[in-house]
Amino acid sequence: MPSPAERVRRVAELVLRATALAALAVLLWRALRPPTAAGVSVAAGDLTRALERWTLAGPAELRVVLDKAPDARTRDWIRALAHSGSQAQWAASRPIRGSAVIAEPASEPSGATRVRFAAAGGEPVSIGDAAGTIDTLSRGGAAELELASVAGSVRASGATFTAATAARDSIALKPLLVLGAAGWESKFTIAALEERGWRVAARVRVAPNVEVTQGPLGAIDTGRYSAVIALDSTAASSATAIARYAHDGGGVILAGASARIGGLSSIAPGDVGRRIAGVAGGVTSASPRTGLGVFPVTSLVSNGVALESRASTVTVAARRVTAGRVVQTGYDETWRWRMAGGDEAAAAHREWWSRLAAAVAYAPLVARVPAADEVIDETPLASLIDALGPPATMDTRVAPASDGTRTTRFLFLLAVGALLLEWASRRLRGAR
Amino acid sequence: MRPLERVLRTRRALATAIATRAALWATATTLTVGALATIASRRTGRLDGFAPWLIAAVIGGIVLVVLLMPWRRLTVPRVALWIEERVPRLEYALVTAVDPAAERAPTTALLEQQIARVSWTAETRRAVSRAVAWPALATIAAFGALLLAQRVAFARSASAPDGTVSATSTASRDVASPFARLSATVRAPAYAGGRVLRVESPASIVALVGSSVTFDAPGAGAGVTADVGGQTLAVQPTSGWRVALTVGDRPTLVRFRHASGERIVALEPRADSVPTVRLLEPSRDTVMRVARGALSLSAETHDDIGLASGAFEYIVSSGEGESFQFRSGTLGTRQYSGAANGTLAASLALDALNLKPGDMVHLRAVARDGNSVSGPGVGASETRVLRVARAGEYDSIAVEGAPPPEADKSMISERMLIMMTEALDRRRPTLARETLMSESRAIGRDQTRLRKRVGDIIFARLGNNPSGEEGRDPDDDPASADTSVRADSASRDAARRAATRAGRPAREIAAADSADSARAALLRAASAATGNGDEILDFEGDETPVVAINRPLLEAYNAMWEASRELDQGETARALPPMRRALAAIQRARQAERIYLRGKAPTVVVDLARVRLTGKDTGAASTRVPRQPVDPGAARRAERLAAAIELASRTPAAAIDSLVLLRVESLDAAPRLAAAIADALDAMRNGRDATTLLARARRVADGTVRGAGRLGAWSGVW
Amino acid sequence: MSEFVFATGQYESGDWDSAPLVPANLIDSLAKYTSLPVAPTGAIVALASDDLFRFPLVYLTGHLPVRFTEAERANVRRFADRGGMLFVDDHNHDIDGAFHKTAVEELGRAVGKLTQLANTHPLYSSFFKFPDGPPNTAHELNGWGDNLVHSHLLAAMRGDRIAVLYSNKDYSSEWGYHPDNKRFLSIDNTKFGVNVIVYALTR
């Protein structure tokens, strides 16, 4: 006669057996049941599973609640479902910030990449690539970075978006043409540009009819030079050609007082003011150019842009001239910065001159096919709106959709566990 | 409870014990085998990742099955017998009671009563405890062994105490068997002590230039090739195989290749520094009047490895103008026999050098180290200069810091007198006559003293007694009248004297006469020297240095005399012009003096406007060759680093190899980058998170990220 | 545009000012043959001073031993690294002399080993043509010094640029006269000096 304990035990075994069978039955039913044909509201967290289901089921209406801008693959998938007959709507559970990022090659021989980024709102943004974080903007906003190297795509990630881009172009740089008289300024300017990797053609006058020349010298046109640098009045003989070159799209740098040359003053961003001496000892300070003499840029033209200033005077200015660009730098004897500056002065001098050249260089873009692993999604929110339309007005408070996987796992474990426990109990009490 | 039920309960307990024991033993076996297999796989490189644990699980399963087999023999009779063995009091009543054949026997009740009086719970518990105790302990021990196996440091780092050799080993990721047990023996050069260091599984070796490195590994070495910097190395068969090389002066990679894979080892040479030498005595340059006696010399030296010798070196320069002779020598030579620190001491006998006025001795201490590979390295101290002054020359060879010559002092004083006179002249309208006279005469007395000093200078240069004129101060008692012929000075001097005499006390007149006579004597002497009259003298460019230096001073002297006279009369306004003339003359004398003493010609100022482009010849155009970029590999290094960082998230082993290559190539061109990569490699090899270090290395490679917190109206970062 | 200033280097150990007329003579020649703005007088700059970096071409000469102080050595090294050029001339023209031996040692320590400069180097064609290399001087065989004609100049390079140009040919004596006396010479012997300056200004 079984004892009460044994009876309880047998009942428990029965319950376990029933539980296991029930779990198995539910699993079977879930596997065999037809997919729902009604519209489903899904939060962004499990879009992938939902998308897979919808692809098979083809619901009449899709409602997607997003907490961040989806990536391009997800977005395209939803759009494809929408185009295949389902009516797709989306809403944001929290404000999704508009953002944009673009990468293009910097016009320098070093192969740097220039990244421009902008985002609405003030949330922190992290900018990085496949090799890690490069920079962080604590309050978002806009930024422009020059990156010496980029691995894969450049990503700008905020709380509600991830914008990605890759440089899809390269540039064709031609030599720079430097015109000046023999002297320390021409020597060290040419040296700085060459040491930064620029190819330089030069005409340096030593005496009447005696020049030191270098590189391909010919007509000044955009097919031959990326930019022309006029260091002093020796460029006067080529003033007309330089002005025409600028109008045709070439880049021109007017250094020191060369903007006074007749023929070049028409393309200069401003007039040349009276020379202001540099601050004594300034070349060794944290702002070394304060130690240089400068011919300030005055009377800036209407489309002139002040790039650098010292106190209230503009020291470097730029303007566009028809298709070309002109930079006027009033700094005089920049070679003193390289020679008398601090330990990093030579490198900084090189970089500064290279940046000037890059700011104006005529460098046509050459398209290239992005690599397969380069993700490009430059404007996530705009692309989402473009794909699915503006956000719909709907209740965004939805419970997270049940992920069938989790339920299935649970039921399976329940069945197995119940069976095992039932078997163990039977065996332990001696039953078979 | 009936006996059968009790037996069944005991049976369940025993079954649980068997199952538990089997599980524990299986677990212990699995853990132990897994630990051993992990160690063995890392050492031999034969197994990797999942394989050791698969083997352990199989063995554990076998143990589990074997130890569960007794469970099948747990029948009721056996259990009853088992109980009977442990509880003799039952006297086999239990076995009988559970026998199915005796279920309805009349003795069943008696047996049940007897059995009911006996309990075997304690025995059962003891049996169960014994069954599971040892397996439980074994399981704990096996778990500990597993932890120990996983914590064995496969990455070892060894460094010799003197830093001549250091090496980094790496966990052998290499699957290629020939390199699995690669080791290196590094022997420092003989001059550095010849220390030997053995390194197992080296990844990089830092050693002195000239060190010998021998790589060896067990096995036949068939199919193994090795090269360094593109040059093939011979693979020598020994008890295994061996490759030997010498550390050069450039960082390089040793590559071992085999059909099954490749292994690289970085060689970083450490250069032997030259000795540092500090000259203690003499402590500064010296100018002597006469070179006599002995000069004490002392110095201290230091070398990073060991000094060989040291000595003092001197060069004696004699001559002037275009003709010089030189003698050199050494003294105080000392041998150090490899000591790291040393001293030098000697005495320079100046008499023996036979130095003459104008001679110079350049002295320094020099030390050599024992570098027999690329040296010896020679270090030298600062140089001291010992100079013997020329006759009559008191200036210093130092260009700056020399005390101002007498003429300079005169200029300063004359300037001060002018200022005082000007100030007095401005106050003149407000002063009483007596006050004005008193102050004016005080300035006059100072002027006179100054004139005396100038006179001394002139006399000294003319070779006369410097106290020719002013043997006394103007305030002293007047000298006896000098009836010698007075120089017939210019008419204004006569007028001046007359004016001076008018209304003056005799004492003052006598003093003035005395001054006049001295002045006259001075003027006569000057005239004799210059051959000119005693008018105010002008300096002319082609005159001899004697004239050049004295003319202005004589003019100053004259003007000062005139000024003194006016000041004595209270005529401050009339005193100022001659005072200013005196100042100008002293300035001219100062320049002339400088030119003379230093032997330099006057500065020639080129008339550019006159000579511009007047050359008969013209130059020719020429072409310039472009400069090379400063660091053409920088961009490529940055790209490779970024690629390696990206690879690290997928294949850490491959990333480590890439970084090792990049580091060695950066040692020369970008040492900061090499150091940053080394830090990251160290973290990666030791299983630490290297994210921050890799990011730092990237910042070093890329340079500062140029950024602007806005989008400007012009492209580019400004 | 800044004018070129001819600078004479002043060092502590010897007679740095042994050729005071060379600056004026070369300034005169530069003005004669080129249109480059140039200061009418030279400047003197101490090697240990920060003012050294105001003059990217510096002339050094002397008879006596050259022993740089630590400050002079560090300055000269930095000067060469940044693009400056030293023109050093042995006023003794004696390769066995103390100036040559010590100057070569000190320049080697500060800048780098001095090696022979090929006579086809662009220096010899930077303005006037010297197809045979450095022009000889009237002093090389004057009985003083080593009495040798030195066929090459020595140089320490920075990349492919001359950082130190070293001469044993005694240009200091050759050019050490008042520029007005050039009119008495049938051949202007300072042309090579113009080459040195133009090379420094253009390469």
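The values are calculated or read from the model by the stated rules, or taken from the named source; none is laboratory data. Quick caveat: nothing in here was measured; it's all calculated off a predicted structure. Note that we place each Cβ from the backbone using ideal geometry, even for glycine, and neighbour counts take in every protein chain shown.
Here are some notes:
- Residue in the range A:102-122 that is at negative phi, at the interface with chain B (Cβ under 7 Å from one of its Cβ atoms) and aliphatic (A, V, I, L, M) present: yes
- Here residue A:48 meets each of (1) touching a helix residue (DSSP H, G or I) at 6+ places or on another chain (Cβ under 7 Å); (2) β-branched (Val, Ile, Thr); (3) at pLDDT below 90 with one exception, condition (1).
- From C:22, C:104, C:45, C:5, residue being more than 8 Å from chain B (Cβ to nearest Cβ) and either buried (at least 23 other Cβ atoms within 10 Å of the Cβ) or charged (D, E, K, R) (or both): C:22
- Put simply, of B:641, B:667, B:694 the only residue that is more than 9 Å from chain A (Cβ to nearest Cβ) and part of a helix (DSSP H, G or I) is B:667.
- Tabulated pairs, the range B:243-268, first within 15 Å of residue B:658 (Cβ to Cβ), second part of a loop (DSSP other than H, G, I, E, B) and acidic (Asp, Glu), C-beta under 7 angstrom, 6+ apart or interchain: B:263/B:174
- Pair list, Cβ under 8 Å, 6 or more apart: the range A:1-17 residue in contact (Cβ under 8 Å) with a residue 12 or more places away in the chain, other residue among the small types (Gly, Ala, Ser) and surrounded by 11 or more Cβ atoms within 10 Å (Cβ to Cβ): A:9/A:425; A:12/A:425; A:13/A:425; A:16/A:418; A:16/A:425; A:17/A:418
- Single match in A:153, A:126, A:138 (criterion: hydroxyl-bearing (Ser, Thr, Tyr), surrounded by fewer than 19 Cβ atoms within 10 Å (Cβ to Cβ) and closer than 23 Å to residue B:639 by Cβ): A:126
- Of the numbered criteria (1) within 21 Å of residue B:148 (Cβ to Cβ); (2) in contact with a helix residue (DSSP H, G or I) (Cβ under 6 Å, 6 or more places away or on another chain); (3) at pLDDT below 90, the one residue B:25 fails is (3).
- Residues of the range B:279-305 that are basic (Lys, Arg) and either closer than 14 Å to residue B:348 by Cβ or outside the structural domain of residue B:364 (by TED's automatic domain parsing) (or both): B:292 alone.
- Residue match in the range A:404-418 (condition: at pLDDT below 90, under 30 Å from residue A:160 (Cβ atoms) and in a loop (DSSP other than H, G, I, E, B)): no
- Residues of the range B:347-372 that are away from every other protein chain (no Cβ under 12 Å), of a type outside the set (A, V, I, L, M) and in a loop (DSSP other than H, G, I, E, B): B:354, B:356, B:357, B:370, B:371, B:372.
- Counted residues, the range A:181-232 - those being of a type in the set (Asp, Glu) and either under 20 Å from residue A:264 (Cα atoms) or more than 7 Å from chain B (Cβ to nearest Cβ) (or both): 3
- Residue C:80 over 17 Å from residue C:197 (Cβ atoms) and modelled with pLDDT of 95 or more: yes
- Meets criteria (modelled with pLDDT under 85, assigned to a helix (DSSP H, G or I) and under 30 Å from residue B:574 (Cβ atoms)) for residue B:407: yes
- In this structure, residue C:156 does not qualify as surrounded by 19 or more Cβ atoms within 10 Å (Cβ to Cβ), within 14 Å of chain A (Cβ to nearest Cβ), of a type in the set (Gly, Ala, Ser) and part of a strand (DSSP E or B).
- Being within 14 Å of chain B (Cβ to nearest Cβ) and over 16 Å from the mean Cα position of the chain (by Cα) is true of residue C:71.
- Within the range B:318-346, residues that are within 14 Å of another protein chain (Cβ to nearest Cβ) sit with their Cβ atoms under 7 Å from residues that are β-branched (Val, Ile, Thr), at 6+ positions apart or across chains, in these pairs: B:326/B:315; B:326/B:316; B:327/B:316; B:328/B:315.
- When the range C:55-75 is limited to residues that are touching a residue at least 60 places away in the same chain (Cβ under 8 Å) and of a type outside the set (A, V, I, L, M, F, W, C), the one that is nearest to residue C:99 (Cα to Cα) turns out to be C:61.
- Considering residues of the range A:88-111 that are assigned to a strand (DSSP E or B), of a type outside the set (A, V, I, L, M, F, W, C) and over 14 Å from residue A:170 (Cα atoms) only, the residue modelled with the lowest pLDDT: A:89
- Inside the range A:324-345, residues that are of a type in the set (A, V, I, L, M) and at pLDDT below 95 make up a count of 2.
- Index of the failed condition, residue B:144 passing every other in (1) in contact (Cβ under 8 Å) with a residue 60 or more places away in the chain; (2) surrounded by 12 or more Cβ atoms within 10 Å (Cβ to Cβ): (1)
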